[in-house]
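The values are calculated or read from the model by the stated rules, or taken from the named source; none is laboratory data. Computed from a predicted model, the values in this text were never measured in an experiment. No Cβ is skipped: glycine too gets one built from the backbone with ideal geometry, and neighbour counts run over all protein chains shown. These accessible areas exclude ligands, DNA and RNA; they are computed on the full protein's heavy atoms, side chains included. Shrake-Rupley method; radii C 1.70, N 1.55, O 1.52, S 1.80 Å.
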Amino acid sequence: MTTVLGLTGGIGSGKSTVSRLLADRGAVVIDADAIVHERQRAGEPVFEAIVEHFGDEVVGPDGELDRPALGTLVFDDAEARARLGRLTHGPVGLEMARRLEAARSTEAALIVLDIPLLFEGRPVGSDAARNAPYDSTALVWVPAAVQVERTVARDACSVEDANRRIDAQLPLDDKREWADFVIDNSGSLEHTAQQVDRLVEALARS
């Protein structure tokens with residue numbers, strides 16, 4: 001029997017680390033962010049739509065999408081973020097659904113849908129949440145201060161920029177109340193790996 005897990009987190013939470021740990025334990029991981037990057041490559045319909053809406057300033061010297069420039073436009077503008085979402089989510093969702101069906105056909109024991117905005121896209125209690133393609137959800141959680149610290153270190157940005165990016169998403173403490181499983185990634189890698197092991201065992205029993 002195949003179990004499908006919706007995995008989410010927030011900026012600086014270390015979701016990618018947990019995703020890799022799950023893959024190391026045999027899970028088939030379908031990464032929404034990776035699909036977004038594929039669909040936003042130059043020449044793709046999503047890329048063309050983004051340039052049409054946001055202008056040539058979001059195109060880098062190499063002809064590809066200038067993600068920092070696009071991020072600057074949307075992080076402080078809720079309507080701009082919504083427009084970007086409308087351009088991107090449909091094609092990405094279709095590709096995730098295609099890959100999910102392909103993974104199911106292999107009879108994989110565990111499939112992980114790695115979706116950064118899982119709860120934003122499927123609010124708890126909504127029809128979208130009730131009809132979600134996953135059986136349960138897991139949140140990669142860290143305290144807000146750790147989110148800021150890691151985002152500054154990773155992106156070489158200011159604390160103010162880090163806070164703006166974090167504030168553009170739902171707070172991790174809110175998501176923690178909604179998730180079926182929570183992985184505290186504020187400690188050592190070993191501690192996180194132990195929690196991942198317990199998660200995999202719990203899913204196997206469900």
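Values for this structure:
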| quantity | calculated |
| --- | --- |
| Sequence-separation-based contact order of the range 25-98, relative, with Cα cut under 8 Å and 6+ spacing, percent | 34 |
| Size-normalised alpha-carbon gyration radius of the range 105-206, reference 2.2 N^0.38 Å | 1.21 |
| Placed amide H near THR137: partners under 5 Å, 5+ positions off or other chain | GLY6, ASP180, PHE181 |
| Residue-normalised accessible area of the chain, expressed per residue, 1.4 Å probe, Å² | 53 |
| Environment charge at ALA69 (Cβ cut-off 12 Å; Lys +1, Arg +1, Asp -1, Glu -1) | -3 |
| C-alpha center-to-center spacing [the range 126-144, the range 40-72] in angstrom | 30 |
| Cα-projected label distance for HIS191 with ARG205, points at 7 Å along beta-carbon direction, nm | 2.3 |
| Cut-off 15 Å between beta-carbons: net charge of the residues surrounding GLU101, Lys and Arg +1, Asp and Glu -1 | +1 |
| Stokes-Einstein D in µm²/s, Kirkwood radius over Cα pairs - the chain at 4 °C with 1.567 mPa s viscosity | 72 |
| Choice from LEU94, LEU65, LEU110 showing the highest fluctuation, given a GNM over the chain with Cα pairs closer than 10 Å | LEU94 |
| Net length gained if the chain between ASP180 and ALA23 were fully extended (0.36 nm per residue, minus Cα distance) | 54.6 nm |
| Kirkwood hydrodynamic radius (C-alpha pairs) into Stokes-Einstein, the range 71-113, 10 °C and 1.306 mPa s, D in µm²/s | 129 |
| The range 1-156, relative contact order [Cα under 8 Å, separation at least 6], % | 51 |
| Label-point gap, in nm, between GLU120 and SER158 - each point 7 angstrom along Cα→Cβ | 2.2 |
| Length released on extending from ALA80 to VAL51, taking residue separation times 0.36 nm less the Cα-Cα span | 9.1 nm |
| Whole-Hz ³J(HN,Hα) from phi, Karplus 6.51 cos²θ - 1.76 cosθ + 1.60, for the range 169-179, glycine and proline x | 10, 5, x, 4, 5, 5, 4, 4, 5, 9, 6 |
| For the range 159-168, 3J(HN,Hα) per residue [Karplus equation, 6.51 cos²θ - 1.76 cosθ + 1.60, θ = phi - 60°, Hz, x = Gly/Pro] | 4, 4, 5, 4, 5, 5, 5, 5, 5, 6 |
| Mean Cα-pair separation over length for the range 1-68, i.e. relative contact order, pairs under 8 Å, 6 or more apart, % | 16 |
